[in-house]
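The next block holds one structure in the form of structure tokens; read it before the comments.
Computed from the coordinates by the stated procedures, all read-outs in this text should not be read as laboratory data. Quantities reported herein were computed from a predicted structural model and do not represent experimental measurements. Here the Cβ positions follow ideal geometry from the backbone for every residue, glycine too, while neighbour counts run over all protein chains shown.
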Amino acid sequence: MKKLMFVLAFVGLSSFALAQETNVPTKKYSVATNSFWSNWFVQVGGAYNVFYSNEQHGLGLDNNPFKAFRRDWGFGVGVGKWFTPGIGLRTKVNGVWGKAVVSENNSVNKEHGKYYWTANEQVLFNLSNLLFGYNSTRVWNFIPYLGAGVTRNCSDNIYGMGWNAGILNTWRLSKHLNIYLDLSANSLEPKTDGLKTAPGHEGKEGHSFVNYDRIITAEAGLQFNLGKSTWEKVPDVDALMAMNKEQMDALNASLRDAQNENARLKNLLANQKAGTKEVVKKELATTAQSVFFNINKSKIASRKDLVNVKEVANYAKSNGNKIVVTGYADSKTGSAAFNQKLSQARAEAVANELVKMGVSRDNIIVKAAGGVNDLSPISYNRRATVELQ
């Protein structure tokens, strides 16, 4: 009964410890909720702006966005927050110079400049995270967005409402620093540029999309991620339960082996005459002892596995024997190269325990068998064996 209670207690503790490990199985699209003050960011960049006034229709102007009379330079500042890895909000302000391609009398005036600013509230959709799952170290994130806001023509003291859409691309430099490229289009009320309607378009300003003033912007700059900028993935409970079942199976197998060995040794004691203690001790020492490990770990799962290992250590010290420690991993988890390193690490972990028990390191032979499928269930193969040479 005491042994059973010990096993149950150990499983509970190992489950808790497992939940703290970085390689706990997690759900691809689920993360834990962060506080309101987490996942904020600030953006600062320079912008290339192209202006299309609704008054230009019928004037025969070139639509090339690189023409000097259309383009001008500006800047952008944004503050945003991600509420989930896929959904966020951003307040974006752009300005401050612009071009008007017609004058008040509807004649072409390619040098007439306007001072303006535009502010938009935008909903961001990180498609990289929404489609492929959250990854805190992903280099490139593809983020379309939609928004609405207001533009002020400072030169003519006019406000105009509008909407905008765009694509934000970010590239990770570090945990708290990204570079970004933002491509956007703003559609504004026809009055925003402060000019009269072009001939033949009077009274039609609100009847067609083409009669709205438009600004197309390409902006590049730096994004600063403030405070906690990552998310913790949600553990996959089903996978954890399966892992814990494998651990329980391994513990039960180890317990059964120990109980069977104890019963055999007690039987030897009951039937042997003089010198039985030495016979029993030798029987125990010369039997290969197993030390079990959790999946993908090189830390000994249960210290009780070392009880019989100590008997082997004591016998080896008394009789000058060498000890062979062989590490194993299960072949169904991880690559062959990874399992080879893992089995080596497991053997080294047990060898270190033997040294602590007083065995000379020169008398310990360490071997790595890599991934195997010798025992069933598969979890039994996550072990190291200790035996006399």
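One table, with the values for the structure above:
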quantity	calculated
Cα-based equivalent ellipsoid, region 291-375: semi-axes from gyration tensor eigenvalues, Å	24, 13, 10
Distance between modelled label sites at residue 361 and residue 314, nm, 7 Å Cα→Cβ extension	2.6
FRET efficiency estimate (nearest 0.05) - Cβ-Cβ, residue 387 to residue 268, R0 30 angstrom	0.95
Residue 157-residue 232 pseudo-label distance in nm [points 7 Å out on the Cα-to-Cβ vector]	5.6
Built amide H within the under 5 Å cut-off of residue 372, gap 5+	329, 330, 331
Fully extended contour minus Cα-Cα distance, from residue 331 to residue 296, at 0.36 nm per residue	11.5 nm
Diffusion constant of region 287-330 at 4 °C, which comes from Stokes-Einstein with the Kirkwood Cα-pair radius and 1.567 mPa s, µm²/s	111
Cα-projected label distance for residue 257 with residue 48, points at 7 Å along beta-carbon direction, nm	6.8
Region 142-193, dipole about Cα centre (Lys/Arg Cβ +1, Asp/Glu Cβ -1), debye to the nearest 20	300
³J(HN,Hα), Karplus 6.51/-1.76/1.60, whole Hz, each residue of region 374-389, x for Gly, Pro	6, 10, 10, x, 4, 4, 5, 7, 8, 7, 9, 9, 10, 8, 6, 6
Contour excess over end-to-end distance, with Cα ends at residue 71 and residue 36 and 0.36 nm allotted per residue	8.7 nm
Ranked packing of 259-267, 46-54, most packed first, by mean Cβ within 10 Å	46-54, 259-267
Extension reserve of the residue 123-residue 148 stretch, reckoned as 0.36 nm per residue once the Cα distance is removed	8.1 nm
Förster-model FRET efficiency, 56 Å R0, residue 352 and residue 171, C-beta, rounded to 0.05	0.80
